[in-house]
Each structure stands twice: as structure tokens, then as C-alpha cells.
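A quick write-up on the structure given underneath.
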Amino acid sequence: MKKSRVNLLSLILVLIVMFSCKEQVSNEKSEMVSTETEGGHPNLILTKQGVREIRAQLGNIPIFDNTLKEVQEEIDAEIELGIDTPTPKDYSGGYTHVRHKRNMIVLQKAGVLYQILDDEKYAKYVKDMLMQYEGMYKGLPKHPKTRSYARGKLFWQCLNDSNWLVYVSQAYDCVYDYLTEEERNKLETNLFKPFADYISIENPQFYNRVHNHSTWGNAAVGMIGLVMNDEELINRALYGIKDLEMDKTAKDDDGGYINKDGKAGFLANIEEPFSPDGYYNEGPYYQRYAMYPFLIFAEGLHNVRPDVKIFEYKEGVLLKSINALLNLSDADGDFFPLNDGQKGMSYYNSALVTAVDISYHFGVQDPGLLSIAKQQNRVLLDDSGLAVALGIKNGEEKPFNKKSINLSDGPNGSQGGVGILRNEGIELVFKYAAQGSSHGHYDKLSYSLYDNGDEVIQDYGLARFVNIEQKGGGNYLKENKTWAKQTIAHNTVTQNETSHFNGDFETGNKYHPELNYFSSEHENVQVVSAKDVHAYAGTEMLRTMAVIKDEDFEKPYVLDIMKVTSNKANQYDFPYYFLGQVLQTNFEYKTPATLKTLGNKNGYQHLFVEGSAKAQSGNSKLSWLNKGEFYTLTTVTTTADDLLFTRIGANDPYFNLRREAALLLRRKNVKNTTFVSAIEAHGSYSPVTESAVNSKSNIAELKVLLDTEAYTAIVITNVKGNSKLFITANINSEKEVKHKLKINNENYEWSGSYYFK
């Protein structure tokens, strides 16, 4: 009996232990499921924690709420229209191109709405469209349009296919847990993996190099790899396709090149194009375009693969680049059209909404970014957009003050740069950068000038009507090479009617100008100076440009000194591409009965000569009116100089070029010469009151007092007889250097790069 009782107690203890262990295992399993669910999807751009916080704040964050409402209305309308995935056949601007481009954006937004609103209709819409693409893609041939060096399948080029996958990967992440395992396998096996392989392995000439195209390709492969948890795709995105034999001199249809060092992948595309200051070598237009894949993939890496430490890569250059890009815009937020750049592109573009939000969320939470986000009046519907919305709601924004800045070019910051001088609405953009990859122009030491966001002296930009099908399928026009890239299209010196580096990309890609000095410490005088010795063999160009605020002048004015030294006599052409209506000149010019071109190649074939003159005095002056403001150019001339009024548009039967004017100063048969000019902004005109105020120049004389290898001295005398002297150090221009100089028995002493008094 006693033994039986012991056995019963033992059995009870065993059962208790078993039950306890089972409960513990059950609890651990429950915790594992919970952890896996928390670590599941979405995790790419939106996160589970972010979704919870967004839902908790809805109705209390005005800019986010308004953005959400607009997106919901937009996507609800799309759902009503139904799904259309047409057979691809068009170039940019054609229906099938536009529809597939629209679909990728709609998919991304619908996925986000599903997560934030928890409404199944959006998930179902995404699933249905993805399944339609899955059924279509399996048998889809290459795009029928053959222009591209890397044809896509949905689009005429792999670049647009990559755009599609960058957006659609976000949609897939948002509905990942909504789909069954069978549905996910079907999509990944028949659509996403083949899609990623096609734009990478099957098109290495597109994917495996350093270029904004490749950045999109890398981000596309990497983002879908992150969603699918495919380590091979993620590594392919970060490091490129390894062990690949490629022709490293092969050109694409853009004029670009495969990286000669063999580097490729997302990290290489951060290392090489960006300078330590965040300047992107292709220029702000393409930096804006590339910032979306750079930052959206970086955000995904940060969330899913924090071990990569992407926002710390190359000393945090991705976040630095956003500040640089914002500084490369004028007072209205339009980007300066350096290299290939379409005018009017601005930080109101959706890519910059992404850039500003991500920079604020993952950076130092600069309150100046909030002021730009407030102007943009929309945010991303994700974790970073929530952070910005809360910052604005709490009144934390401060003005984003653009000041004078010098941005270095090149991966190590040693390949020239761009200097921007700003004072009271005047913005001078001085380009002494490297070639700029395939989108670069032959425009060493060129500049453009702005007054409160309006162009005064313009850079032409690109010759392209982006996404307008009637104009070359929305792609680059031949005039981009025959005109826009050529030296004569820019505000710099053209020697013997030949472009810099003879218009040869390989040669231009080897060289860059060197900074002489940059000075922005003093409010009244800001200067940038740089030298080029490679654009023309045997010729050196040194250009010094200053924005000077003088109490005798209504607004700051620009002083421009271009010193040219050569080993032989040449013809030098020096244009001023002014915008506006000619008011007055101090020289007499003749207008021809029949228009003739200025030349027959290197861009000269696109210039009509509308007027010609011989300079008649030591100063030649041109005044013009533009957008209610008066401007005057005063340039130092001799009676041997020719003055030509030109207009763009010759040999342009399809009217692809804008019909804009220039005054061109031609100096013939000289070895060494210095072009000196000043540009004033003054007065205003109101068509309402019909009153002109201060419409005349304030400069009575501009004179070269001294011009040697070491120094150039300029005297600026105003109409009241007051004179100021500007001396620039052509050599030994470091800040700590002390200078002593005697001019006309007057002694001048100063420390630093220049003297002004």
C-alpha cells in the first residue's frame, strides 16, 4: 500500500514536470513567433514599429494627414479604373511606357496604404496587379525599341525596368505577410528573381559600372533581395557582379564607361561619384535623379542590414550629399543646370521629398530641413515622414540658409569643384569641376549668374524634352552633342573655334582645373579663382570672379577676370549669354539683311550673327531688361576687338533649340590676353505704374591697372567719381601669404588672396 502511494506521488511529479516543460516550450514558441512577427514585414522602408507609431498619431500630424488623404484619393481612383499592364512597345512618353511607370508608383502607394489604414482592398489590388505582371513577365521578350545599349523588357531601357523594381519591391514588402507562401513563391520564382537577374547578369554593361543608371540597377536588385531575404542578390547589389570579363572601354549610348578599376555595385557608386563634400560628379540634375535609389536602398539596408552601417559609409557622404544638393539650387529651389540638366527641376521633386525626410530622420535632425519640407508640403508615408511631420507640428523648423559655399569634386575632393558666391539675392555659380562622367560638358571655368532666382547670365543646360514623345521619344537630341555640350554654348573662352579637349570625352575625363583660392569670410567681398592648363594644349586659363557689395552700388555686382596665357597667337571668343531685352549699347553695330552662321562646327553652326561691331572705346557696355530688372555689362575692350550679337537656332530645322541671345567678344591674333568685365543688377521697371527706377549703369569706367604673372589689379570707378581697387593674387594666393606691391608709385600691402579698397 505504501509502495503504491509512492508510485502515485512519483507519477504526479512526473506529470507536473512534463506539464511545466510543455508550458515553457509553448511560451518559448510563442515568444519566438512574436519575435519573428516583429522582425517580419514590413521592414524595408516602413517598419512594424513605424506603422504602430503612425497609426497612433493619425489625425494629429497635419502634413502627414494631408499627404495620406491625397494619396488615398489618388489610389482609390486608380482602383476604380482597374488594372492595365499593356504589352510594351513605346519610348518615353508613349502610352505603354507611361502606364507601366504609373503602375510602379501606384503599387508602392497602395502597399503603404494597406499598412497604414489596414484596409485589405489595397493589399488585394497590389496582389492582383503583381500576379498580372507575373503572368506577363514569364514570356516577355526584350522591348521592341532598339535604341538603348541595354534594352529592358517592360521599358525600352533597363534603367526604367530598374525604376520599376525599386518601387515595386516596396509594395511587395508591404503585402508580403498578406500573401500566402504559395503566392510568394510564384511571384519570386517567375517575376522578381528573373527580373533581378535580367537587369544585372543578363545586362552587365548596364549594371556593372559606376553611373546613375547602375545605381538604380544596384538598388533594384538589392531591395528585392532584402524583401526576399536573398543574400546572393544583396551581395550582387552591394559589390556588383564578380569574376566578370567586360570590355572596360566599351561606351554606352550615353557616352559613359565601365569603371576602369573593375569596381562596381552600390558601394562603388557611393565611393567614386561623390566628393567628400557630397558633390556628385554628374551634376545636380542627375544627383537629384540618383538620390532616390541611393537613399531608399540605404534606408532599407539600415532597417534590414544595420551591419552594413550604410549611413556611416565614406564618412556619411550620403547624408552630406543632401546638404550639398540643396545648396546647388537657386533662391526658388531650382537646381543650377550644370552639365546635362533640365531647367526648372527643383527640390519640389518627389526625389527631394525622399532626400529631405530621410536626411532629417537619419541625420542630425537639422531644423532647416523642416522648413524645406514645409515648402514641399508633403512627406513620405513612412517612419522618416512621420519624424518630419512631428517636427513641423511641434514648430521646430528654422530657415534653411544658403550661404556661399565651395564644393569639391572627385572621390577624394581633388578634382576641382563648384564655387557658389551669394550676397543679397545675387548668386554666382562658378564651375571648375571635372568632366562629370557621360553627362559632362566642355565648359572649363564657366559660370552662370542669378538674381533672386532669375537667370541673368545663363547656362544652356541640356538639349532634351524629357518624356515628351514628339521630341525624339523624350530622349537626348543630337543637338545635345552638337550644341549644349560644346564650349561655345557656355560662358567661358573658346580658342580657335574648337571646344575644350577638342570635344573628346576620354581626354576631358583625364583632367580637371585647380582651385587657386576661395574666399567667403567677408560679407562685402567674396571671391573664387581657379586655373586650367589642359583644355587647350599650350594655353593656361586663370579665372577670378568676385561678388562685391559696395555702398555706392544698389546691389552687389560681379567682377570677372579671365587671364589667358598661350605659347602661340590664337583667336579667343568670350560670350555672355544674357536673358532679356536689349536696351542700350555704347557702341554702334550693324544688323545684316541676311542671317549667316558664326561657323560650321563645334556649336558655331548653331549660332546666327544678328549684329556686329568694332569696339569703340576702352569700355564696351550693354544694358538689358529682364523680368522687371535692369542689368549692365561693362567689359574692357580695345579697338581691335569685335563685338557680335548672336542668337541660338541656326541649322536647327526641327526647332529643338531655344532662340536665345548672346553678346560675344572676339579677340583675334593674340597670345596672351585678359578679359575683364563687370555685371551690375540695378533698378526696376513696373509695367503697372510704367515707371523705370535707376535704369542706368553706375560704373563710369573699368580699367586694368596692372596685369602680371603674379597680380592683376582692376580699378572700378562709379559715376560719382569714387574708385575702388581690386587686386587678385594669380600665384601664392594662400591666406597666410603677405603681399607687397607698388603700382604707379603707390605701395600696397595685404595678407591673403586679394586686396579690395
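The values are calculated or read from the model by the stated rules, or taken from the named source; none is laboratory data. Computed from a predicted structure; not experimentally measured. Every residue, glycine as well, gets a Cβ built from its backbone with ideal geometry; the counts of neighbours run over all protein chains shown.
So the values come out like this:
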quantity: Qualifying residue in segment 706-727 (condition: among the aromatic types (Phe, Trp, Tyr) and closer than 24 Å to Thr565 by Cα); calculated: yes
quantity: Of the criteria (1) more than 34 Å from the chain's Cα centre (by Cα); (2) outside any strand (DSSP E or B); (3) of a type in the set (D, E, K, R), which one Glu610 fails; calculated: (2)
quantity: Qualifying residue in segment 627-636 (condition: small (Gly, Ala, Ser), assigned by TED's automatic domain parsing to the domain that holds Tyr577, touching a residue at least 60 places away in the same chain (Cβ under 8 Å) and touching a strand residue (DSSP E or B) at 6+ places or on another chain (Cβ under 6 Å)); calculated: no
quantity: Residue check, Glu749 outside any loop (DSSP other than H, G, I, E, B) and either at pLDDT 95 or above or crowded, with 16+ Cβ neighbours inside 10 Å (or both); calculated: yes
quantity: Set Ile716, Ile727: member being surrounded by 12 or more Cβ atoms within 10 Å (Cβ to Cβ) and either farther than 25 Å from Glu540 by Cβ or modelled with pLDDT under 95 (or both); calculated: Ile716
quantity: Listing of strands (runs of 3 or more DSSP E) fully contained in segment 654-708 that carry 1 or more residues being free of Cβ contacts under 8 Å to residues at least 40 places away in the same chain; calculated: 691-693, 699-707
quantity: Matching option when the condition is surrounded by 13 or more Cβ atoms within 10 Å (Cβ to Cβ) and assigned by TED's automatic domain parsing to the domain that holds Lys671, among Glu523, Glu554; calculated: Glu554
quantity: Given (1) surrounded by fewer than 18 Cβ atoms within 10 Å (Cβ to Cβ); (2) in the same structural domain as Tyr447 (by TED's automatic domain parsing), index of the condition Leu705 fails; calculated: (2)
quantity: Thr539 assigned by TED's automatic domain parsing to the domain that holds Asn672, without any contact (Cβ under 8 Å) to a residue 60 or more places away in the chain and under 19 Å from Asp443 (Cβ atoms); calculated: yes
quantity: Top-ranked residue of segment 476-489 - restricted to ones that are under 19 Å from the mean Cα position of the chain (by Cα) and not in a helix (DSSP H, G or I), ranked as nearest to Glu660 (Cα to Cα); calculated: Lys485
quantity: Residue check for Asp340: in a loop (DSSP other than H, G, I, E, B) and over 20 Å from Asn423 (Cβ atoms); calculated: yes
quantity: Contacts under 8 angstrom Cβ, first residue in segment 453-469 being surrounded by fewer than 17 Cβ atoms within 10 Å (Cβ to Cβ) and at pLDDT 95 or above, partner in a strand (DSSP E or B) and not polar (S, T, N, Q), 6 or more apart; calculated: Gly453/Asp334
quantity: Per-region count, segment 352-379, residues hydrophobic (A, V, I, L, M, F, W, C) and at pLDDT below 95; calculated: 1
quantity: Residue check for Gln115: in contact with a Pro (Cβ under 7 Å, 6 or more places away or on another chain) and more than 25 Å from Gly152 (Cβ to Cβ); calculated: yes
quantity: Close pairs from segment 724-737: first of a type in the set (Ser, Thr, Tyr), partner modelled with pLDDT of 95 or more and in a strand (DSSP E or B), Cβ under 6 Å, at least 6 apart; calculated: Thr728/Thr544; Thr728/Thr712; Thr728/Tyr754; Ser733/Asn516; Ser733/Tyr517
quantity: Any hit, segment 130-147, residues being farther than 28 Å from Asn467 by Cβ and among the aliphatic types (A, V, I, L, M); calculated: yes
quantity: Subset of segment 177-228 (residues that are without any contact (Cβ under 8 Å) to a residue 60 or more places away in the chain, assigned to a loop (DSSP other than H, G, I, E, B) and buried (at least 20 other Cβ atoms within 10 Å of the Cβ)); calculated: Ser200, Asn203, Asn208, Arg209
quantity: Near pairs, Cβ below 6 angstrom, 6+ apart or cross-chain, from segment 348-360 (buried (at least 24 other Cβ atoms within 10 Å of the Cβ)) to any residue that is among the hydroxyl-bearing types (Ser, Thr, Tyr) and assigned to a helix (DSSP H, G or I); calculated: Thr354/Tyr292; Asp357/Ser384; Ile358/Ser384
quantity: Test: residue in segment 733-740 that is outside the structural domain of Gln470 (by TED's automatic domain parsing), of a type in the set (A, V, I, L, M) and assigned to a strand (DSSP E or B); calculated: no
quantity: Residue check for Asp261: modelled with pLDDT under 95 and part of a loop (DSSP other than H, G, I, E, B); calculated: yes
quantity: Test for Thr639: is it under 22 Å from Gln495 (Cα atoms), assigned to a loop (DSSP other than H, G, I, E, B) and not charged (D, E, K, R); calculated: yes
quantity: Residue selected from segment 351-403 under the condition touching a helix residue (DSSP H, G or I) at 6+ places or on another chain (Cβ under 8 Å) and among the β-branched types (Val, Ile, Thr), by the criterion nearest to Gly333 (Cα to Cα); calculated: Ile372
quantity: Residue that is surrounded by the fewest Cβ atoms within 10 Å (Cβ to Cβ), among those in segment 46-104 that are in contact (Cβ under 8 Å) with a residue 12 or more places away in the chain, assigned to a helix (DSSP H, G or I) and in contact with a Ser or Thr (Cβ under 8 Å, 6 or more places away or on another chain); calculated: Arg99
quantity: Total residues in segment 150-176, condition part of a loop (DSSP other than H, G, I, E, B) and of a type in the set (Phe, Trp, Tyr); calculated: 3
quantity: Residue pairs meeting the criteria (Cβ under 6 Å; at least 6 apart or on separate chains; first closer than 11 Å to Lys403 by Cα, in segment 320-333; second assigned to a helix (DSSP H, G or I)); calculated: Leu328/Pro284
quantity: Among (1) free of Cβ contacts under 8 Å to residues at least 40 places away in the same chain; (2) closer than 13 Å to Leu665 by Cβ; (3) surrounded by fewer than 20 Cβ atoms within 10 Å (Cβ to Cβ) - the single one Val609 does not satisfy; calculated: (2)
